[in-house]
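Notes follow once the structure below has been shown.
The values are calculated or read from the model by the stated rules, or taken from the named source; none is laboratory data. Please read all numbers here as calculations on a predicted model, not as lab measurements. Reconstructed Cβ throughout: ideal geometry from the backbone, glycine too, with neighbour counts over all protein chains shown. For the accessible areas, the whole protein counts, side chains as well, though only heavy atoms, and no ligand, DNA or RNA atoms are used. Shrake-Rupley method; radii C 1.70, N 1.55, O 1.52, S 1.80 Å.
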Amino acid sequence: QVQLVESGGGLVQPGGSLRLSCAASGTIFGIYDMGWYRQAPGKQRELVAQITGGSRRNYADSVKGRFTIARDNAKKTVDLQMNSLRPEDTAVYYCNVVSGSRWYWGQGTQVTVSS
């Protein structure tokens, strides 16, 4: 059973930074993608950033140039460095792992950007 545990959320002022971390436990078979999604109140969950098994990075247009995703395969972790945060970045952020047809989710961590 794969479990994902996120950490690093919180309250930050506009223009500030936060770093989210996610650690996976359990056996993940094969090559897998890791990423971060977010869901704001009243909105659908959306992809924020993804890093594939081949280390290709994909970002939502709204976060390009501000967020950076990185993974450590040996530790099975994925981090999201978020800079120049905006109020519209406020959401619950979810860690995600995709291995073949299997999708795994963390419990979510709240990020609030407000003055």
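What the table below lists for this structure:
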{"quantity": "Where Phe67 falls short, out of the listed (1) open to solvent by 10 Å² or more (accessible area, probe 1.4 Å); (2) without any contact (Cβ under 8 Å) to a residue 24 or more places away in the chain", "calculated": "(1)"}
{"quantity": "Residues of the range 82-107 satisfying the condition of being surrounded by fewer than 17 Cβ atoms within 10 Å (Cβ to Cβ) and not in a strand (DSSP E or B)", "calculated": "Asn83, Ser84, Arg86, Pro87, Glu88, Gly100, Ser101, Gln107"}
{"quantity": "Qualifying positions in the range 1-29 - open to solvent by less than 60 Å² (accessible area, probe 1.4 Å), assigned to a loop (DSSP other than H, G, I, E, B) and more than 22 Å from Ser84 (Cα to Cα)", "calculated": "Val2, Gly26, Ile28"}
{"quantity": "Residue list for the range 30-40, filter: open to solvent by 30 Å² or more (accessible area, probe 1.4 Å) and under 24 Å from Val113 (Cβ atoms)", "calculated": "Tyr37, Gln39"}
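Each row is one residue, and each column tells you yes or no for (1) open to solvent by 30 Å² or more (accessible area, probe 1.4 Å); (2) under 11 Å from the mean Cα position of the chain (by Cα); (3) under 17 Å from Leu20 (Cβ atoms).
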{"residue": "Leu47", "(1), (2), (3)": "yes, yes, yes"}
{"residue": "Gln50", "(1), (2), (3)": "yes, yes, yes"}
{"residue": "Arg57", "(1), (2), (3)": "yes, no, yes"}
{"residue": "Val63", "(1), (2), (3)": "no, no, yes"}
{"residue": "Asp72", "(1), (2), (3)": "yes, no, yes"}
{"residue": "Leu80", "(1), (2), (3)": "no, yes, yes"}
